[in-house]
1. In the list Asp36, Asp12, which residue meets the criterion of being of a type in the set (Asp, Glu), open to solvent by less than 90 Å² (accessible area, probe 1.4 Å) and more than 19 Å from Ser74 (Cβ to Cβ)?
2. Considering only residues that are of a type in the set (A, V, I, L, M, F, W, C) and crowded, with 17+ Cβ neighbours inside 10 Å, which ones fall in segment 15-31?
3. Can Cys63 be described as of a type outside the set (Gly, Ala, Ser), at pLDDT 95 or above and open to solvent by 70 Å² or more (accessible area, probe 1.4 Å)?
4. Taking segment 61-74, which residues are on the phi < 0 side of the Ramachandran plot and either within 10 Å of the chain's Cα centre (by Cα) or touching a residue at least 40 places away in the same chain (Cβ under 8 Å) (or both)?
5. Can you tell me which residues in segment 43-85 are outside any helix (DSSP H, G or I) and under 14 Å from Tyr23 (Cα atoms)?
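The values are calculated or read from the model by the stated rules, or taken from the named source; none is laboratory data. Everything numeric here is computed off the predicted structure, so don't read it as measured data. Note: ideal-geometry Cβ built from the backbone for every residue, glycine included; neighbour counts use all protein chains shown. Surface areas here come from the heavy atoms of the whole protein model, side chains and all, with no ligands, DNA or RNA. Shrake-Rupley method; radii C 1.70, N 1.55, O 1.52, S 1.80 Å.
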Amino acid sequence: MIEFPNHSRSYDKTRRAVHFGGYDSAIEASFFIEEDALRRLRPGCHDERGFLDVFDCNRDVICAAAAKVYVRGSRGSYDLVAGYFSKSA
């Protein structure tokens, strides 16, 4: 089972996404939530500071979505896209 004990996150300009990590025992997995997904959670967001704020305010929802897409040992990173989040979230 994946857990997200580390609240560290960063904005990746190249990927246009917020990066965060999760842990499944000793296995570390990287997650990226794309800008469009963050805009789905808060429309009108348009800069790094805003994307990080949206992430912080919606951490539980984002981590729950990340846990659903995680498959142990499957790959090193996972992308969370807008389709994983309802427009009313």
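1. On the way: Asp36 fails: open to solvent by less than 90 Å² (accessible area, probe 1.4 Å).
Just a single option satisfies the conditions, and that option is Asp12.
2. Across segment 15-31, the qualifying residues are Ala17, Val18, Phe20, Ala29, Phe31.
3. For Cys63, the condition - of a type outside the set (Gly, Ala, Ser), at pLDDT 95 or above and open to solvent by 70 Å² or more (accessible area, probe 1.4 Å) - is not met.
4. Across segment 61-74, the qualifying residues are Val61, Ile62, Cys63, Ala64, Ala65, Ala66, Ala67, Tyr70, Arg72.
5. Within segment 43-85, Tyr70, Val71, Arg72, Gly73, Ser74, Arg75, Gly76, Ser77, Tyr78 meet the criteria.
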